[in-house]
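To keep things clear, I will list the structure first and then write my remarks on it.
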Amino acid sequence: MRYCENWEHISQRYLAYWARENHDRPILNIRAPRDKRVPLPASHHATLEQRWLDTQYQLD
Amino acid sequence: MQNTYFAGEAYAMYFPNLGPDFFAACYGAPLTYGETTSWSAHVWRDEDVQNYTPPALDTQGFYYQKMLEMTRAAVQDARDKYLVGVTDIHPGADALVALRGPQQLCMDTVDYPDFIARAAMDLLPGFQRMFDDLFALSTTYQQGSTTWMGIWHPGRWYVTSCDFCCMISPAMFEDMILEELNAELDFLDASMFHLDGPGALKHLDRLLELPKLKGIQWVYGDGQPTAAHWLDVLRKIQNAGKMIQVNATPEDLPVLLENLKPEGVMYNIYAPDEDTARRLLHLADAHRKILY
């Protein structure tokens, strides 16, 4: 996966988690803002409802 | 997603989302949208309870079709880039809260106690249909499933929850909630129960007795002490042979590593920057148990 270079290893870790066999260390879901960030598209929707229901905007 | 640094077992995922009352919306409760969440109109009146007939999931209605559209679009966009999760679904008593209103459903526990257990069970086929449809779509290209909880499973896993349980006694939990909860667990390959807030802790012992429940996500809540201050709760879950997921601060991690076994334990940590994320991972690796 483009945003997850070591997915094969990570998926194995989740299999161990579900089996409670991750004996070395806990599963760590650590997230942080990137040092270099790209600007996200601004919302130009007239209402919050339009924004929530704009499928492409939600994906972007 | 491209602005997030993922460390440890964190992975990129997106779940289409119309808010926690989306499931109720598919039973006729229109949504109002806020900045970060949405909520439903409480459309079931007293007369609807007194003259109760089982409701039907509106699979051809706007909300259901919109979620199918959002999930299809996400699946195409995500291919080989990130995982797509099944949307946030709240069946059972939480759906009844959305349809009746929290205050009214509390009154129903006294006025119409049989209604709650029966209606929760009547909503179950709708949950099963919705989950099956969204699971099938989300696994078009990816193997396994994920949800807002950020856990991947190779099969059909989903969150179980009952935020309404804070409002009722253990006896009511037994009579009104457990039949439907066990039916959800029977339907799924695996589940973690989202235990939300100190008011829900009175039901923890009973939840830990459920053989098909894999684990507990403990949510101590805003304004409460953080994960390292809940070791008694976390140890109780672990000693019952269940998995744990809990949000932790960077400062919690050393305490948690020292006091809980790693097996079946997952910590969600939001670090302020990439360096801190890397440092936390190194800390856990340095604490790594030597395997022989």
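Details
- Which numbered condition B:THR276 fails, given (1) touching a Gly at 6+ places or on another chain (Cβ under 8 Å); (2) assigned to a helix (DSSP H, G or I); (3) polar (S, T, N, Q): (1)
This table checks each residue for (1) of a type in the set (S, T, N, Q); (2) surrounded by fewer than 16 Cβ atoms within 10 Å (Cβ to Cβ); (3) within 29 Å of B:LYS212 (Cβ to Cβ).
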position: A:SER11; (1), (2), (3): yes, no, yes
position: A:LEU28; (1), (2), (3): no, no, yes
position: A:PRO39; (1), (2), (3): no, yes, no
position: A:LEU59; (1), (2), (3): no, yes, no
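- Members of segment B:207-246 that are within 12 Å of another protein chain (Cβ to nearest Cβ) and in contact with a His (Cβ under 7 Å, 6 or more places away or on another chain): B:GLN217
- Filtering segment B:195-214 to residues that are touching a residue at least 24 places away in the same chain (Cβ under 8 Å) and either of a type in the set (Val, Ile, Thr) or crowded, with 20+ Cβ neighbours inside 10 Å (or both) leaves B:LEU195, B:ALA200, B:HIS203, B:LEU213, B:LYS214.
- Looking across segment B:82-102, the residues that are part of a loop (DSSP other than H, G, I, E, B) and either within 14 Å of another protein chain (Cβ to nearest Cβ) or not small (Gly, Ala, Ser) (or both) come down to B:TYR82, B:GLY85, B:VAL86, B:THR87, B:ASP88, B:ILE89, B:HIS90, B:PRO91.
- Those residues of segment B:247-273 which are within 9 Å of chain A (Cβ to nearest Cβ) and either in a helix (DSSP H, G or I) or hydrophobic (A, V, I, L, M, F, W, C) (or both), in sequence order: B:LEU253, B:LEU256, B:LEU257, B:LEU260, B:VAL265, B:MET266, B:ILE269, B:ALA271
- Inclusion of A:ALA19 among residues that are at pLDDT 95 or above and of a type in the set (Gly, Ala, Ser) is warranted.
- B:ASP189 farther than 24 Å from B:TRP152 by Cβ, in contact with a strand residue (DSSP E or B) (Cβ under 6 Å, 6 or more places away or on another chain) and within 13 Å of chain A (Cβ to nearest Cβ): no
- Flag for B:TYR82 being on the phi < 0 side of the Ramachandran plot, more than 24 Å from the chain's Cα centre (by Cα) and touching a residue at least 60 places away in the same chain (Cβ under 8 Å): no
- Filtering segment A:22-52 to residues that are among the aliphatic types (A, V, I, L, M), out of contact with any strand residue (DSSP E or B) (no Cβ under 8 Å at 6 or more places or on another chain) and at pLDDT 95 or above leaves only A:ALA46.
So that you can scan it fast, the table gives a plain yes or no per residue for (1) surrounded by fewer than 14 Cβ atoms within 10 Å (Cβ to Cβ); (2) within 19 Å of the chain's Cα centre (by Cα); (3) within 17 Å of B:SER161 (Cβ to Cβ):
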position: B:ILE216; (1), (2), (3): no, yes, yes
position: B:ASP222; (1), (2), (3): yes, yes, no
position: B:PRO225; (1), (2), (3): yes, no, no
position: B:ILE237; (1), (2), (3): no, yes, yes
position: B:PRO250; (1), (2), (3): no, no, no
position: B:LEU253; (1), (2), (3): no, no, no
position: B:GLU258; (1), (2), (3): yes, no, no
position: B:GLY264; (1), (2), (3): no, yes, no
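So that you can scan it fast, the table gives a plain yes or no per residue for (1) of a type outside the set (A, V, I, L, M); (2) not in a helix (DSSP H, G or I):
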| site | (1), (2) |
| --- | --- |
| B:TRP44 | yes, yes |
| B:ASP58 | yes, yes |
| B:LYS66 | yes, no |
| B:ARG72 | yes, no |
| B:ASP80 | yes, yes |
| B:GLN104 | yes, no |
| B:MET107 | no, no |
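- Subset of segment B:32-42 (residues that are in a loop (DSSP other than H, G, I, E, B) and either of a type outside the set (A, V, I, L, M, F, W, C) or more than 22 Å from the chain's Cα centre (by Cα) (or both)): B:GLY34, B:GLU35, B:THR36, B:THR37, B:HIS42
- Filter result for B:LYS66 (touching a residue at least 60 places away in the same chain (Cβ under 8 Å), among the charged types (D, E, K, R) and either buried (at least 18 other Cβ atoms within 10 Å of the Cβ) or within 14 Å of chain A (Cβ to nearest Cβ) (or both)): no
- From B:THR53, B:THR32, residue being at pLDDT 95 or above, in contact with a strand residue (DSSP E or B) (Cβ under 9 Å, 6 or more places away or on another chain), among the polar types (S, T, N, Q) and more than 30 Å from B:THR276 (Cα to Cα): B:THR32
- For B:ALA29, the requirement of being assigned to a helix (DSSP H, G or I), within 16 Å of B:MET130 (Cβ to Cβ) and among the small types (Gly, Ala, Ser) is not met.
The values are calculated or read from the model by the stated rules, or taken from the named source; none is laboratory data. If you're wondering where the values come from, they're calculated on a predicted model, not measured in any experiment. A quick note on method: Cβ atoms are made from the backbone with ideal geometry, for glycine too, and the neighbour counts reach across all protein chains shown.
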